[in-house]
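To keep things clear, I will list the structure first and then write my remarks on it.
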Amino acid sequence: MRIDIVTIFPEAFAALDVSIIGRARERGLLDIQVRDLRDYTTDRHRQVDDMPYGGGPGMVMKPEPFFAAIDALRAPGVPSRLLLTSPQGRRFDQRVAEELAREPHLIVLCGRYEGVDDRVVTGLGAEEISIGDFVLTGGELAAMVIVDAAVRLVEGVVGDQGSVAAESFAGGLLDYPHYTRPAEFRGHRVPDVLLTGHHEQIRRWRRREQLRRTLERRPDLLSLDLLTEEDRALLRDNG
C-alpha cells in the first residue's frame, strides 16, 4: 500500500517511523512518503497561503501547490484516492478505515489556517474527511489518525490479525475488557471465568461484556436488527 501525505510540516510525522507502522515500512508492506507542500510552489518565498477573496480573518491555502503536488504524485493508470482533512468532511470511522485499507494508493492533503481554496475539492476531486466535530490547529494530527487506523488493517501490518478482528468497532460493538497477570492487584480481581480455561464460557462472557459496554456507553452502535438470538439471550441475562 502506498500513501503520500502532503503537508507544510513534514516533521510532524516522525511517529510513522516507530512501532508497528515503522516495522511495516521496513518490511516493505507500506510505502509512506511525507511531502512538503512548499516543494510544489514556484515563487522564491515558497508561499502556500494568501488572503481570502471577499475579506475575513486568517489566510487560505492556495490551490496551485496542491494541484502541482497531485500532478506529480498521481501515476497514469494507477488508481488513487485523494483525501483532504477538514472538519466539514465525511465523519471518519472504522468502516471508512476499512475502505481506505483496501486502496492501493492514498494521497492525504493536510489543511491548515482558515481552510483550503475550494478548487482543491471541486477541481481535484479531493474527498473531505473529518475525525470529529472539533477544530484542530492543522490537519496533521487528523492525517496521522486516518493513516494509523487504515494501515493497521492491511494484511501483515499487525502481527496477530485476530486481535484486529476482535477489537472495538470491528464487529460494530465496543471491545470486551482485557486482563493480564497478576490475577489480583490491590483488591481488584480478574473475573473468575477468565481463569477457568473453559473456552466456551470465556467466549460467552466476552460477548456479553461487549454487548453490555456498548449498551451502556454507545447505545447508538447497538442495532437490534443485527443481534443474534444468542446476543439477545445474553442481554436478557445481563438484565
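Readers should treat all values here as calculations from the given coordinates under stated rules, not as data from a laboratory. Model, not experiment: these values are computed from the prediction. Neighbour counts are summed over all protein chains in view; Cβ atoms, including those assigned to glycine, are modelled from backbone coordinates with ideal geometry.
When each of the peptides 1-7, 29-35, 16-22 is scored by the mean number of other C-beta atoms lying within 10 Å of its residues, the order from highest to lowest reads 1-7, 29-35, 16-22. Placing unit charges on the Cβ atoms of the charged side chains and taking the dipole of region 2-151 about its Cα centre, the candidate lying farthest along the positive direction among Leu109, Val6, Ala97 is Ala97.
For the chain, the relative contact order works out to 18 percent when only alpha carbon pairs closer than 8 Å and six or more residues apart are counted.
Spin-label pair Arg217-Asp50: with each label point 7 Å from Cα along the Cα-Cβ axis, the two points sit 4.8 nm from one another. Normalising the average separation of contacting C-alpha pairs (under 8 angstrom, six or more residues apart) by the number of residues puts the relative contact order of region 167-237 at 34 percent.
Residue separation of Ala72 and Met59 scaled by 0.36 nm, minus their Cα-Cα distance, works out to 2.2 nm of gained length.
Looking at the chain alone, DSSP beta bridges between its own residues are antiparallel in about 20 percent of cases.
When the Cα positions of Trp205, Phe185, Pro219 are compared along the charge dipole of region 167-237, Phe185 comes out farthest toward the positive end, with charges on each C-beta of Lys, Arg, Asp and Glu. Sum -39500 (n - 2.57) across every DSSP H segment of at least 4 residues in the chain, then divide by the residue count to get the 222 nm mean residue ellipticity, nearest 500. Theoretical 222 nm ellipticity from helices: -9500 deg cm²/dmol. Under the convention that each Lys and Arg Cβ holds +1 and each Asp and Glu Cβ holds -1, the size of the dipole of region 2-151 around its Cα centre is about 300 debye.
Estimated from the Cβ-Cβ distance and a Förster radius of 22 angstrom, the FRET efficiency linking Leu224 and Arg203 is about 0.55. Working from label points 7 Å from Cα in the Cα-to-Cβ sense, the Val190 to Arg102 distance is 3.8 nm. The modelled label-to-label distance between Ala14 and Tyr113, using points 7 Å beyond Cα along the C-beta direction, is 2.7 nm.
How many angstrom lie between the Cα centre of region 55-105 and the Cα centre of region 1-53? Using only Cα atoms, the two centres lie 12 Å from each other. Going through (1) 16.5; (2) 14.6; (3) 18.3, the figure that equals mean projected area of the Cα convex hull in nm² as computed for the structure here is (3). A dipole drawn for region 7-80 from +1 and -1 charges on Cβ atoms has a positive end, and of Ala72, Met51, Gly22 the residue lying farthest that way is Gly22.
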